[in-house]
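The values are calculated or read from the model by the stated rules, or taken from the named source; none is laboratory data. Bear in mind the structure is a predicted one, so any value in this text is a computation, not a measurement. Quick reminder, even Gly has a Cβ in these numbers, built from the backbone with ideal geometry, and neighbours come from all protein chains shown.
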């Protein structure tokens, strides 16, 4: 294996892809997922289908927080027990996401997406029973559906819109954030409209998932045998320190993001903010992430490396989150906006690092799988521990210091991942 000089590594690592938005769509490009033999026409109905699917990939996660106080009061769960409901789907994002290649090979990509949409709808509807076991099982099913679809959907976008990938990337990202924001802001009003039934409000989000599945039926191709393909394996990735730094940055910044989904609304409500207003604040913070996510990759790739970008993202996220916990309520909107900017930029920078730290698409696909699989599993600890800390202390101060520790660790990982280097891994044909 030829030795590559440090100077050559620096040159390659600083070489930004001509179209970074297109290169970011590698999550589903796992080398052993065969493309359909007859790609479907990328028409307006496909665009509508993809937007509807993306809209449904976050409501199961962001709808719980606004009614968590009611769930605790009605079911008798402790804050620690309730944190399992916020943690379970995040764990499933990592655990089930790695199964996407196998599921896609067995069912075909389009049929796999359809099946997982139905699993997501079933898990979301199951929460309507309102019992702790049903809530937990529903969270697991919803997380499984989201985890696999998360991996498959970007690859479909890249495959069917090769000349419009940047535009569709923006549309896809905006739909993800819009779905999360809509659920965060509307769940409590739906609860009130349903006579105070938070279970009905949580189950309501199964309806758009079923609609998305029905529309997606139009995209199912005729059954064909699997395509012959060589396949690649990647060696050296899991023992590479830089790969682990990228993975830790992905996981730790995601831990803050899912802590916001699960606990920001209860934090605001405990500080005296009306429940509907708290849901709207979470919704606004998520919508701010859209603009930040769209501009962050371009800004992050203008310098020699991405160390400063990673640190700034985490600084904004930390200041915003801690401001929501400790700052005077009269300034709350400032912290809500700062939190949205930091988290939207952090997620985009995390995806950008996957591309910039890898020498080719095969290694990038495997680093994406590693960073999301391990990262989301790691991220699940954030919501869980915040709930436990609140349970043990009866307040949010300890959770604030825990958030500070997560953000600091993410910044340190970002400094390592942001260096202009390439992972010491290579793709080898099977």
Restricting to segment 114-132, give me the number of residues that are over 9 Å from residue 202 (Cβ atoms) and not in a helix (DSSP H, G or I).
1
Restricting attention to segment 85-100, and to residues there that are surrounded by 20 or more Cβ atoms within 10 Å (Cβ to Cβ) and over 13 Å from the mean Cα position of the chain (by Cα), which single residue is farthest from residue 260 (Cα to Cα)?
100
Hey, can you tell me all the residues within segment 219-254 that are surrounded by fewer than 13 Cβ atoms within 10 Å (Cβ to Cβ) and modelled with pLDDT of 85 or more?
239, 241
Answer yes or no: is there a residue in segment 133-149 that is in a loop (DSSP other than H, G, I, E, B), over 20 Å from the mean Cα position of the chain (by Cα) and in contact (Cβ under 8 Å) with a residue 12 or more places away in the chain.
no
What is the residue count in segment 385-407 for residues that are closer than 14 Å to residue 248 by Cα and either in contact (Cβ under 8 Å) with a residue 24 or more places away in the chain or not in a helix (DSSP H, G or I) (or both)?
2
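Conditions tested, residue by residue: (1) surrounded by fewer than 18 Cβ atoms within 10 Å (Cβ to Cβ); (2) at pLDDT below 90; (3) out of contact with any helix residue (DSSP H, G or I) (no Cβ under 6 Å at 6 or more places or on another chain).
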| position | (1), (2), (3) |
| --- | --- |
| 129 | yes, no, yes |
| 142 | no, no, no |
| 149 | no, yes, no |
| 154 | no, yes, yes |
| 165 | no, yes, no |
| 171 | yes, yes, yes |
Considering segment 54-84 alone, what residues qualify as being within 15 Å of residue 134 (Cα to Cα), part of a loop (DSSP other than H, G, I, E, B) and touching a helix residue (DSSP H, G or I) at 6+ places or on another chain (Cβ under 7 Å)?
64, 77
Would you check which residues across segment 368-401 are within 17 Å of residue 324 (Cβ to Cβ) and either surrounded by 18 or more Cβ atoms within 10 Å (Cβ to Cβ) or touching a strand residue (DSSP E or B) at 6+ places or on another chain (Cβ under 6 Å) (or both) and list them?
382, 383, 386, 387, 389, 390, 396, 399, 400
